[in-house]
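Just so it is clear, none of the values below were taken in a lab; they were calculated from the coordinates. Predicted model only: the values in this text are computed from it and were never measured. Methodologically, a virtual Cβ is constructed for each residue, glycine included, from the backbone with ideal geometry; neighbour enumeration extends over all protein chains shown.
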Amino acid sequence: MSMRKLLVPLIALLVFLLLWEALVWFNDWPNYKMASPSDLLPAYQRYWGLFLTMGWQTLWRTVVGLLLAVVVGVLLGMVMGFSRTMRDALYPLLVGFNAVPKATVVPIVALLFVGAHDFNTILIAFMISFFPIAVSVSIGLSTLEPEYRDILRSLGASRFTIFRKIALPKTLPEFFGALKVAVTLAFIGTNLMEIVSPHGRGLGALFDSGKTNSDYPLMFAVLIALAFLGIVLYYVVVALENIFAGWAERAQD
Amino acid sequence: MRDCISLIPSCRKVDLLCPDCLAPASVDKLIEIRDVRHAYSTASGPLPVLAGLELSVREGGFTAVVGPSGCGKSTLTRLVAGLMIPDSGDVYLHGERVTTPRATVGMAFQNPVLLEWRTILQNVLLPLEIVPTTLSQRAKEERARSLLALVGLEGFEDKRPSELSGGMRQRASLCRALVHQPEVLILDEPFGALDAFTREDLWQIMHELKAREPFTGILITHDLRESIFLADQVVVLSGRPARTQYVLDVPSEAPRDLDMMYTAESADMLATLRDQIRIAREGEAQVAQTSSGASQ
Ligand SMILES: Nc1ncnc2c1ncn2[C@@H]1O[C@H](COP(=O)(O)OP(=O)(O)O)[C@@H](O)[C@H]1O
Ligand SMILES: [Mg+2]
């Protein structure tokens, strides 16, 4: 990575923090209205141990939920991508499922599996994030130009060989595009569970305790920590994309 | 018994009552298509696309197929490649019925369909990963490189398809279609999307490939000049549903450089073909009229 590529976003971040600080300072807002960046540092200093454990809990549950979403989403996408009938059958179901606000699903899941907090959180993270993956994979596979298939099929290649040599790699750019959306969604899912159905784990729980104790700087500190984790996960996906589907970016130049 | 109706000595109209046309599948004909009929099933009922297709290509021959768009030319290529079986009638390769794909066929389309994640060399090598072969990896690469050199792509082996022009991509796609030394090369409007100059370059390259590689060719094209420049036989299909409407033999002594286009003989052939295409399209319009009249 070049110096410039690192410097530009860092400067943007600094400008953002300065504007935020200035906004609070000029309006003379009290902490309970809006905390300023300078209030966050003490919050992190006081609770850094909690931030680490809770942050880790949020992170691993999000990642497991996301992995589950990848496995299920890719399988569903393959089924829908290869079979028209399955696509016609499953698509409306999935759209309906995706349209249900997940906040309403949280209490249901929490009642369904009482006490299984990790499992519940992972489930919500999964449920909110598998949809874009399933759709993108199915579209990627079903829009494969027939000529691509014919090139190999005319030589007697099996369906599996065609999938492995052409359909799979050709769908990777769409897959990673969806994964970038899914990663953020999975985060939202995890925190939804942690906040709507509090069970003392994850950054969501820390946010909740900030709320009950009227510790507003803590609440803002949690938001920033969440944003930070989101950025880290997002760029992990981008790095994977560059490794496995970097050719797609070159192809667009 | 009737004879084939011959208009010009070198031309022959297919007549179903003609004994020659009904002769058993002969071996010196590498590709034989006999009275093939096919209909696709679509949402609005069966769509007949082929209705009495006759075609034979001798070993080492090069046949161009022209006809109104949508008449069933690509369907014809899929039949020869064994990608589908017709409702009735037969397709023979070497006197043997084609029922499944076989590794002795190479295909190239208007869209070069190169794999963006592979280099040009890796793209050309693709068929050799599928077709059973005794060649070593080294020998495979040598074969691919020599083909690429033949079409003027030396030095581009490690480039990605996106770094090449349309004409260069099409050349790479030709190399891929030929790398496994297929008996039959099927080209479905391969030069259709190229500009006129690039297209003429590729015609020359096709001649070089024909001289060096022992394939028998079927070329689908919209370009009548292309058909007489490259082929020794031009088959005109009628409008959909397609049957063989006219067969033109291009004299083998015709010079194969671009000047050939401007001889009186070529002008005659082009005029004949243009006439036949007009007839095919008028027939199509009539069919459309009667069928819409019937549905009212
Ligand atoms: N798989 C298919 N299912 C239904 N209709 C098809 C299918 N493939 C082609 N057709 C239709 O059959 C006709 C002939 O197609 P094609 O052989 O591709 O024509 P051409 O190559 O001469 O333009 C077209 O009208 C096309 O829309
Ligand atoms: Mg076509």
Positive-end residue of A:124, A:175, B:204, charge dipole of the protein assembly as shown with Cβ unit charges = A:124
Once a ≥ b ≥ c are taken as the square roots of the eigenvalues of the Cα gyration tensor of chain A, is the result rounded (a/c under 1.5), prolate (a/b larger than b/c) or oblate (a/b not larger than b/c)?
-> oblate
Inter-chain Cβ neighbour average for residues A:156-165, partner chain, 10 Å = 3
Check: C-alpha center the stretch A:40-118 vs C-alpha center the stretch A:2-33, spacing in Å is 31
Nonlocal Lys pairs with alpha-carbon distance under 24 Å, chain A (8 or more apart, or different chains) | 5
Can you give the helix-only mean residue ellipticity at 222 nm for chain B, where every DSSP H stretch with n ≥ 4 adds -39500 (n - 2.57) and the sum goes over all residues, rounded to the nearest 500 deg cm²/dmol?
-> -11000 deg cm²/dmol
For chain B, what's the relative contact order in percent, using C-alpha pairs closer than 8 Å and at least 6 residues apart?
-> 24
Just grab the label-to-label distance for residue A:46 and residue A:16, each label 7 Å out from Cα along the Cβ direction, in nm (one decimal).
-> 2.5
Step through the residues of the stretch A:41-48 one at a time and calculate ³J(HN,Hα) from phi using the Karplus curve (6.51 cos²θ - 1.76 cosθ + 1.60, θ = phi - 60°), rounding each to whole Hz and writing x for Gly and Pro.
-> 3, x, 4, 5, 4, 5, 10, 4
For the stretch B:67-203, rounded, prolate or oblate, judged on the Cα gyration tensor with a ≥ b ≥ c (square roots of eigenvalues), a/c < 1.5 rounded, else prolate if a/b > b/c?
-> oblate
Cβ-derived FRET efficiency at R0 30 Å, residue A:4 paired with residue A:38, nearest 0.05 | 0.55
For the stretch A:45-175, what's the relative contact order in percent, using C-alpha pairs closer than 8 Å and at least 6 residues apart?
-> 35
Would you mind working out the magnitude of the charge dipole of chain A relative to its Cα centre, with +1 at each Lys and Arg C-beta and -1 at each Asp and Glu C-beta, to the nearest 20 Debye?
-> 640
Shielding of B:74-84 by other chains, given as the mean Cβ count within 10 Å, works out to 2
Positive-end extreme of charge dipole, the protein assembly as shown - chosen from B:62, A:214, A:35 (charges on Cβ) = A:214
Gain in span if fully extended, residue B:212 to residue B:137, counting 0.36 nm per residue against the direct Cα distance | 24.8 nm
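Compute the longest continuous run of chain A that contains no exposed chymotrypsin sites (Phe, Trp or Tyr not before Pro); treat a site as exposed when its DSSP state is not H, G, I, E or B and it has at most 15 other Cβ atoms within 10 Å.
Free of exposed loop sites, the longest segment is A:114-253.
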Modelled label-to-label distance, residue B:163 and residue B:37, 7 Å Cα→beta-carbon offset: nm?
-> 5.4
Can you work out the PRE-style zone for residue A:224? Point 7 Å along Cα to Cβ, and I want the residues of the stretch A:190-204 with backbone N under 18 Å.
-> A:203-204
Which distance in nm do the two modelled labels at residue A:91 and residue B:97 give, with both placed 7 Å along the Cα-to-Cβ direction?
-> 3.8
Where in the stretch A:64-103 does the label zone of residue A:142 land, with the point 7 angstrom along Cα→C-beta and an amide N cut-off under 11 Å?
-> A:77-92
Using just the alpha carbons, could you tell me how many Å³ per residue the convex hull of the stretch B:109-181 encloses?
-> 82
Just add up the charged neighbours of residue B:241: K/R +1, D/E -1, any other residue whose Cβ is under 15 Å from the Cβ of residue B:241.
-> +1
How big is Rg to Rh over chain B, alpha-carbon atoms, Rh as the Kirkwood inverse-mean-distance radius?
-> 0.98
